[in-house]
Amino acid sequence: MNIYVADRGDTLNKLSKQFQIPLDQLLAGNPHITNPFMDLARLHVNLSSTSGQKHANRITATFCPPVHEQNFMSNWIPLTPIEQMAATEYDVLVVGSGAGGGAALWRLCEQLGHTEKRIGIIEKGDLFLPTHAANIATIDGDNFRLYAPPQITDPIGNRLPQFPGLKLIYALGGRTLLWGAISPRMAASELANWPVPLEEMEIYYNIAEEIMNVTTTYTKGSSITQILLQRLRDNGFHTADDIPIATDLDETRYGKLHANVFFSSIVFLARALRHRSFDLAVNSYATKVVTDGERTIGVQVMTPDMRSYFIKAKHVILSASALQTPRILLNSQIPGKAIGHYLINHSYLIATANVNTLGFYEPLGALGIIIPESPGHPYQLQLQGPEQFFNYQYEKKPVKDDWRISFFGASGRVEARYENKVYIDQGRKDRYGVPDIQVNFSYSPQDDAIMRQMYTAIERASSAMQLRLATLNDTLAICLMPPGGDNHEAGTCRMGDDPSISATNQYGQIHGISGLYVADNSVLPSMGAVNPTLTTVALAIRTADYICKQIL
């Protein structure tokens with residue numbers, strides 16, 4: 001046996017070259033040495049060539065150098081330290097990463113990808129989920145609606161007696177991580193009173209539906225949907241249709257994945273990154289927009305460690321929600337009579353019902369039906385199910401003839417009234433010193449009349465579909481959700497041509513302040529009975545296009 005006492009600086013890799021012995025033979029003959037690049041000073045090294053005979057057929061190759069930890073990604077999306085963002089002036093800064101903020105960011109990156117313009121986005125919450133919760137293997141159609149981790153959920157309605165159902169989500173992606181993904185368009189009769197031309201809404205609806213993968217084929221081939229649809233149409237509900245839902249139903253081919261079935265704003269962020277880089281900071285709470293009186297200068301930001309930063313920006317897009325966006329504007333003392341006013345949501349009736357599926361052909365599949373708002377019927381009916389099987393992954397679906405409808409409800413139009421408002425309470429402040437949100441809200445006599453219509457419509461639709469409505473104390477189990485519980489609050493920075501009754505112009509720009517925009521549910525001047533997210537996304541894309549024209 002040929003033993004060599006190593007000098008300082010000797011390594012197996014060095015000795016392999018020095019004595020012309022294959023490195024794999026040296027490793028095999030020296031099991032006490034596992035790293036071919038370690039300093040072997042004063043260690044005994046076996047240089048016997050016989051030690052590698054039994055490995056004569058082994059391919060000889062040098063070992064790869066060790067991988068240093070800094071080469072690994074520390075997060076699933078690139079983050080920028082807030083200190084670095086505070087040292088940068090942005091051409092556009094987006095505040096909030098939900099549906100509106102994500103859509104605006106994607107469009108900016110798509111349109112400005114060939115330029116040197118600086119784009120940034122900040123989010124009050126932290127990284128939480130890299131996809132919609134329903135895309136996670138352990139989540140099904142029941143529990144994703146109940147998933148509200150305390151670290152990201154603010155049950156703000158607990159202290160708002162007139163809007164008790166409200167909860168806010170603070171995380172990258174916002175409420176799109178947990179939303180139902182139902183994505184209908186608003187009726188043309190609703191849009192006719194808006195300042196945006198109908199033909200432009202058509203264009204931007206098409207863009208939004210394409211980028212969000214909105215489809216009505218999710219329940220295609222499901223007998224429970226097709227049979228109940230036919231029963232509705234045969235009994236006077238002629239507009240009943242398959243539910244439009246933001247779901248990517250394409251199959252994976254040639255290595256291109258389609259793993260994000262249910263859409264979330266994370267998809268916007270990912271698509272934006274494919275066009276160009278942008279700066280993103282989480283745990284960054286925008287408390288104020290700073291202006292010189294006529295134009296935007298930047299945004300004041302606080303971090304959880306109570307540090308304050310100022311981020312310079314020529315254009316700011318507020319997408320913080322229909323409550324947080326007016327809060328920021330009011331705390332910034334941005335003038336505008338309509339800011340915070342005209343709060344709308346949907347009145348929401350929920351029914352408990354079962355359906356007998358004896359004789360339905362297979363596959364029973366998923367139930368997804370929408371009966372849209374129409375003239376004389378200012379409400380929308382929606383059914384999903386059965387039970388937790390509207391979406392599920394590994395659970396075995398039972399074979400049975402009686403099923404509960406997991407979601408059967410009617411959303412109703414609510415009047416946009418000045419007295420329904422979000423405002424800030426200077427006598428009560430959060431830990432950052434920002435005045436807390438307060439809400440004044442009530443339903444009008446007209447809203448009450450629509451709710452009575454909704455109740456009757458649920459009864460009629462149930463009869464048409466041959467559903468069994470449950471009863472409670474000899475009364476039909478149809479209940480009114482508390483205001484705010486629909487997560488559709490809107491209107492608090494409504495767009496319009498008249499600054500006395502609107503907060504922004506038709507492009508979402510705050511009246512009288514150059515470079516300050518709103519791109520969330522706040523800008524909707526009315527909502528009818530329709531889920532608002534698709535419309536908010538369409539308008540956010542339009543706002544981003546307008547900004548691009550201003551800065552190019």
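The values are calculated or read from the model by the stated rules, or taken from the named source; none is laboratory data. Source: prediction; values computed, not measured. With ideal geometry, Cβ positions are generated from the backbone for all residues, glycine too; neighbour counts draw on all protein chains shown. These accessible areas exclude ligands, DNA and RNA; they are computed on the full protein's heavy atoms, side chains included. Shrake-Rupley method; radii C 1.70, N 1.55, O 1.52, S 1.80 Å.
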(message) Rounded, prolate or oblate, given the Cα gyration tensor of the stretch 444-514, with a/c below 1.5 counting as rounded?
(response) prolate
(message) Kirkwood Rh and Cα-based Rg: tell me the resulting Rg over Rh for the stretch 143-192, rounded to two decimals.
(response) 1.10
(request) Report the Stokes-Einstein translational diffusion coefficient (µm² s⁻¹, integer) for the stretch 287-422, Rh taken as the Kirkwood radius over Cα pairs, at 37 °C with viscosity 0.692 mPa s. (result) 167
(request) Starting from the Cα gyration tensor of the stretch 399-503, multiply each eigenvalue by 5, take the square root, and state the resulting semi-axes largest first in whole Å. (result) 37, 19, 13
(message) What is the percent carbon and sulfur in the accessible area of the stretch 198-271, measuring with a 1.4 Å probe over the protein chains and ignoring ligands?
(response) 47
(request) Using +1 at the Cβ of each Lys and Arg and -1 at the Cβ of each Asp and Glu in the chain, identify which of Gln324, Ala313, Ser74 lies farthest towards the dipole's positive end. (result) Ser74
(message) Taking 20 Å as the cut-off for C-alpha to C-alpha distance, list the pairs among Lys220/Lys256; Lys314/Lys549; Lys288/Lys429 that go past it.
(response) Lys220/Lys256
(request) Give the peptides 285-291, 504-510 in descending order of average Cβ contacts within 10 Å, highest first. (result) 504-510, 285-291
(request) Quick one, can you get me the convex hull of the C-alpha atoms of the stretch 149-240 expressed as volume per residue in Å³? (result) 211
(request) State the Cα centre-to-centre distance between the stretch 261-339 and the stretch 452-490 in whole Å. (result) 38
(message) Under a crude label model (7 Å from the Cα following the beta-carbon direction), how far is Asp305 from Asn356 in nanometres?
(response) 6.6
(request) Relative to the longest principal axis of the C-alpha atoms of the chain, give the angle of the C-alpha long axis of helix 265-275, reported between 0 and 90° and rounded to the nearest 10°. (result) 50
(message) Would the stretch 358-422 count as rounded, prolate or oblate if I go by the C-alpha gyration tensor, calling it rounded below 1.5 in a/c and otherwise prolate when a/b exceeds b/c, oblate otherwise?
(response) prolate
(message) To test your reading of the geometry: what angle, between 0 and 90 degrees and rounded to tens, separates the Cα axis of helix 223-234 from the longest principal axis of the chain?
(response) 20
(message) Could you tell me how many cubic angstrom of Cα convex hull volume the stretch 484-540 has per residue?
(response) 78
(request) Could you give me the radius of gyration and the Dmax of the stretch 278-356, taking only the C-alpha atoms into account and expressing both in angstrom? (result) 18.2, 65
(request) Under 16 Å from a label point 7 Å along Cα→Cβ of Arg468: give me every residue in the stretch 397-425 with its amide N that close. (result) 400-406
(message) Using just the Cα positions, wrap the stretch 452-492 in a convex hull and report its mean projected area in square nanometres, one decimal place.
(response) 4.2
(message) Give the aspartates and glutamates reachable from Lys396 as a straight Cα distance under 16 Å; neighbours fewer than 8 places away on the same chain don't count.
(response) Asp140, Asp142, Glu362, Glu387
(message) Going by average Cβ density within 10 Å per residue, which order do the peptides 296-303, 97-104 take, highest to lowest?
(response) 97-104, 296-303
(message) I'd like the Karplus ³J(HN,Hα) series for the stretch 327-342: coefficients 6.51, -1.76, 1.60, θ = phi - 60°, whole numbers in Hz, and an x wherever there's a Gly or Pro.
(response) 4, 4, 5, 5, 5, 8, 6, 6, x, x, 4, 8, 4, x, 8, 6
(request) Determine the relative contact order of the chain: mean sequence separation of Cα pairs under 8 Å and six or more apart, normalised by residue count, in whole percent. (result) 19
(request) Using a 10 Å cut-off on Cβ atoms, rank the peptides 175-183, 39-47 from the highest mean neighbour count down. (result) 175-183, 39-47
(request) Just need the relative contact order of the stretch 65-155 here, percent rounded to a whole number, with Cα pairs under 8 Å and 6+ apart. (result) 25
(request) Provide the net charge surrounding Asp402, with neighbours chosen by a C-beta distance below 13 Å and charges set as Lys +1, Arg +1, Asp -1, Glu -1. (result) +1
(message) Can you give me the Kirkwood hydrodynamic radius for the chain, using every pair of distinct Cα atoms, in Å to one decimal?
(response) 26.3
(message) For the stretch 181-304, what does the convex hull of the Cα positions come to per residue, in cubic angstrom?
(response) 221
(message) Taking the alpha-carbon distance from Lys117 and a cut-off under 20 Å, which aspartates and glutamates remain once sequence neighbours fewer than 8 residues away in the same chain are dropped?
(response) Glu83, Glu89, Asp91, Asp279, Asp545
(message) Keeping all protein chains in the complex and leaving out DNA, RNA and ligands, what accessible area do you get for Asp154 with a 1.4 Å probe, in Å² to the nearest 10?
(response) 50
(message) Which residues among the stretch 398-427 fall inside the zone where the amide N is under 15 Å from a point 7 Å beyond the Cα of Asp498, along Cα→Cβ?
(response) 416-419
(request) Starting from the Cα gyration tensor of the stretch 96-144, take the square roots of the eigenvalues, sort them a ≥ b ≥ c, and report rounded, prolate or oblate (rounded when a/c is under 1.5, otherwise prolate if a/b is larger than b/c, else oblate). (result) prolate
(request) With only alpha-carbon atoms counted, please give the Rg and Dmax of the stretch 1-51, in Å. (result) 9.4, 26
